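Input: a single structure, listed below in structure tokens.
The values are calculated or read from the model by the stated rules, or taken from the named source; none is laboratory data. None of these values were measured; they are calculated from a predicted model. Backbone-built Cβ (ideal geometry, glycine too); neighbour counts: all protein chains shown. The area values use the complete protein model at the heavy-atom level, side chains included, leaving out ligands, DNA and RNA. Shrake-Rupley method; radii C 1.70, N 1.55, O 1.52, S 1.80 Å.
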Amino acid sequence: MMEQAVFFYDAGRRSYLDRAYPQPVRERLERLFDVYPQPVNETQLDALAPALRSVRVMFTSWWLPELTQEQIRRYFPSLQVVFYAAGSVKYFAEPYLRLGIRVVSGWAANGVPVAEYAAAQIVLAGKGFFQNPRRMQTDYEQARAYSDACTGNYHAKVGILGAGAVGRRVIRLLQAYELEIWVYDPYLSDADAQKLQVQKHSLEEIFSECAVISNHVAQLPETRGMIAYALLHRMQPYATLLNTGRGSQIVEADLIRAMQEDKTRTAVLDVTDPEPPLPDSPLRTQENIFLTTHIAGSMGGEIGRIGEYIAQEAERYCAGEPLRYEITLEKLKNMA
């Protein structure tokens, strides 16, 4: 007899669920489980409580409604596992884990476009791409001279902060280029550094020497505000700082100061703290700071990849095999 399952979503954001679980993925899951006829949102929990009592498997995605342990016991007393077709589970997972309910995330799939995006930015930064179009609007020769003063991508030093899943994927993508890759990660062993063909360095060395610095550090209490003026003022002329990690890891006022002190430096921020930046934040007007709207993660058709990863995990679950992307309380402490 198949286990009962439900698709659970935020009432105002049904589209996220539909995009994360395209029809082929849903049909695949329906062959594995007895799926409740319609997706359920938080406004329906009281009315559907009797029908949900036997649900053992939950499929969900971005904007999962946060439930307390008491609510989980009340509405999903038989729940065994939550499959989350998105990235970070930090905001919702602990009550489930405390109740012994397994949580599986699509973070690995979401990390693929982040790494692709970061690698592309790194290569563009080496050519002075980000400031070149802006400078060309007023002075072609000045724009050309700016890019000519950048290092390019031949034997240039690139600093990667954090050698977790995303950082390592960025490193692998960059191996197609003749770059010198420096890495800061206190947990990276010498043996792993050798396998990755990278050099371990301190934060101070990376900010002092690297032409491009890309942040992929996990969000932990000790990493909040870690990129402050003591590091930022070390950036070379024409150097670029990229952030697709977490906005809170950079001290905003210190970044603005460092960018104002040397206009040849560049900051490209896909994340900020708060996000988006406040309306009067100088991040919005500083000419050598470039903002994007948190687009590094899965967008458009890329979202379907996450559903594919979740379907594979669901198949492993049904077969009694180890799950590759399961989150434990211990792992939750060190996740972004």
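Before moving on, here are some points about what is shown:
- Among the residues of segment 12-27, those identified as open to solvent by less than 50 Å² (accessible area, probe 1.4 Å) and either assigned to a helix (DSSP H, G or I) or not aromatic (Phe, Trp, Tyr) (or both) are LEU17, ALA20, PRO22, VAL25, ARG26.
- Among (1) within 30 Å of GLN4 (Cβ to Cβ); (2) at pLDDT 95 or above; (3) in contact with a Ser or Thr (Cβ under 8 Å, 6 or more places away or on another chain); (4) in a loop (DSSP other than H, G, I, E, B), the one test that PHE83 misses: (4)
- Matching residues, segment 195-236, being open to solvent by 70 Å² or more (accessible area, probe 1.4 Å) and either under 28 Å from ALA108 (Cα atoms) or touching a Lys or Arg at 6+ places or on another chain (Cβ under 6 Å) (or both): LYS195, GLN197, GLN199, LYS200, GLU209, PRO221, GLU222, ARG224
- Residue pairs meeting the criteria (Cβ under 7 Å; at least 6 apart or on separate chains; first touching a residue at least 60 places away in the same chain (Cβ under 8 Å), in segment 152-178; second open to solvent by 40 Å² or more (accessible area, probe 1.4 Å)): LEU161/TYR184
- Of all the listed residues (ILE306, ILE295), the sole one being open to solvent by 20 Å² or more (accessible area, probe 1.4 Å) and either in a helix (DSSP H, G or I) or among the hydrophobic types (A, V, I, L, M, F, W, C) (or both) is ILE295.
- If you go through segment 164-194 and keep only what is open to solvent by less than 30 Å² (accessible area, probe 1.4 Å), farther than 18 Å from ALA119 by Cα and in a helix (DSSP H, G or I), you end up with just ALA193.
- Answer residue from segment 249-287, given it is of a type in the set (S, T, N, Q) and surrounded by 18 or more Cβ atoms within 10 Å (Cβ to Cβ) and is farthest from ALA145 (Cα to Cα) among those: GLN249
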